[in-house]
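Visitor: Here's a structure for you.
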Amino acid sequence: MFDFDMLGLAPELNQALKRAKLIQPTPIQNQAIPLALDGQDILGLAQTGTGKTLAFGLPLIDHLLAQPGKPAPKTTKSLVLAPTRELVNQIADSLRALTHKTKIRVATVVGGQSINKQVMFLARGTDILVATPGRLIDLMDRGAVDLSSVKHLVLDEADQMLDMGFIHALRRIAPELGTPRQTMLFSATMPKQMEELSRAYLSNPKRVQVSPPGKAADKITQSVHFVARSEKPAKLREILSQDAGALTLVFSRTKHGAEKLMKGLVSDGFNAASIHGNKTQGQRDRAIKAFRQGEINVLVATDVAARGIDIPGVAYVINYDLPTVPDNYVHRIGRTARAGREGEAISFCTTDEVDQLRQIQKLMKAEIPVASGSMPEAVEKTKQARHRGKGRRGPSSNQNLGGAKPAAQKRRRPRRRKAA
């Protein structure tokens with residue numbers, strides 16, 4: 001393993017890394033940074049929490065330091081696209097820490113904030129623009145930003161962009177970018193569409209992969225509790241009480257469910273807050289800041305936060321509801337065991353969530369250990385029946401566990417012959 005000062009980075013960056021007490025690069029950084037410094041397009045695949053931001057941020061800033069000069073009004077030299085407001089802010093904070101004592105400017109544009117203020121800020125031009133695709137297109141439509149000077153494009157968490165339908169936004173943005181340019185695409189998972197995305201936006205990319213796509217970080221201990229839906233609240237409170245004070249991120253499937261769950265926890269004496277799509281950006285930022293500083297220790301969230309929270313101290317991730325998209329499980333539990341720490345991911349599974357659990361285990365190619373309860377009997381019988389009947393038709397492959405006879409087994413009345 002090399003030290004950062006052996007990668008040939010600009011002196012300003014080495015000083016910034018020392019201030020942050022960062023000595024050795026992570027595997028994804030160690031592999032991606034030298035290639036990116038050479039100007040190669042990068043397709044980077046790594047688990048969440050492994051340092052992808054520095055993997056693209058350090059070479060990006062190094063290139064900008066080597067090309068001094070103020071950006072023209074309304075322009076930006078480099079563009080970083082991310083799917084959520086939280087992730088945009090997280091990336092920008094990391095980049096600002098690296099550019100603290102340089103003249104490089106980092107700007108953000110996201111929804112939920114004053115677009116007029118963003119127009120005014122962009123009027124002066126910026127070196128690095130970190131944005132969500134939707135708000136960026138709004139600014140393009142207003143003529144507030146000119147992307148023709150972009151020489152570096154980064155697509156972070158590109159798989160979630162695909163999940164959230166941002167592919168159409170990318171098709172709108174890409175033709176406006178400068179050429180030639182360097183493009184770096186980073187992701188924790190590798191769905192089939194990702195290959196198409198890389199072919200469309202990357203030129204002869206170097207693939208950097210430090211772990212199989214869809215695999216959780218090695219230091220995350222995973223478990224699942226099979227429970228009835230009515231038992232979830234009590235089980236959650238039991239788990240939270242076992243390590244009171246530990247930073248715990250709880251995932252709910254819906255905005256309404258997250259808010260209701262948070263209010264119930266607060267009424268029971270837990271120090272909790274929530275973030276979801278119905279919260280303003282200011283409310284979300286304040287909740288995350290309070291969580292980061294330990295003012296609250298339980299944060300209830302929807303998947304809007306799955307990729308936007310980089311807090312090394314998160315000890316537990318609890319999937320109160322399993323995600324409907326299997327990839328989101330990997331991103332959720334990646335909020336713990338960050339920066340080399342250990343963490344625990346606990347999931348609840350009801351009868352109607354078993355199929356989601358199977359899809360998650362299929363993605364990870366591993367069984368999640370059972371902590372309590374057991375696979376619902378009806379579901380297990382269905383699984384066995386499908387296995388026995390696989391590849392043939394008949395009663396055994398079409399069992400009805402509700403007690404009624406399958407249609408194929410019902411007695412049929414003999415047909416009456418028509419009179420001649």
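Visitor: Report which label in [x] 24, 50, 20, 5, 1, 0; [y] 22, 46, 27, 5, 0; [z] 22, 43, 25, 10, 0 holds the value of P(r) over Cα pairs in 20 Å bins from 0, in percent derived from the coordinates of this structure.
Guide: Of the listed options [x] 24, 50, 20, 5, 1, 0; [y] 22, 46, 27, 5, 0; [z] 22, 43, 25, 10, 0, [x] comes from this structure.
Visitor: With equal scatterers on the alpha carbons only and no solvent term, can you work out the Debye log10 of I(q)/I(0) for region 220-378 at 0.08, 0.13, 0.18, 0.20 1/Å?
Guide: Log-scaled intensity ratios, in q order: -0.20, -0.55, -1.10, -1.38.
Visitor: In addition: Pull up all non-local amide H partners of Gly44: gap of 5 or more, or a different chain, and H-to-H distance under 5 Å with H placed in the peptide plane.
Guide: Excluding prolines and chain starts, which carry no amide H, the hits are Leu185, Phe186, Ser187, Val208.
Visitor: P(r) tail for region 4-209, what percent of Cα pairs lie past 24 Å?
Guide: 36
Visitor: For the chain, what is the mean residue ellipticity at 222 nm derived from helices alone (per DSSP H run of n ≥ 4: -39500 (n - 2.57); sum divided by total residues; nearest 500 deg cm²/dmol)?
Guide: After summing the helix terms and dividing by the residues of the chain, the value is -11000 deg cm²/dmol.
Visitor: Okay, next question. Tell me, what is the FRET efficiency for Asp3 and Thr221 to the nearest 0.05, using R0 = 25 angstrom and their Cβ-Cβ distance as r?
Guide: 0.25
Visitor: Ok, one more. Which listed residue (Gly313, Pro376, Gly44) has the Cα farthest towards the positive end of the charge dipole for the chain, taking +1 on Lys and Arg C-beta and -1 on Asp and Glu C-beta about the Cα centre?
Guide: Value computed over the given set: Pro376.
Bear in mind these aren't lab numbers, they're just calculated from the coordinates by the rules spelled out. Please read these numbers as outputs of a predicted model, since none were measured by experiment. Methodologically, a virtual Cβ is constructed for each residue, glycine included, from the backbone with ideal geometry; neighbour enumeration extends over all protein chains shown.
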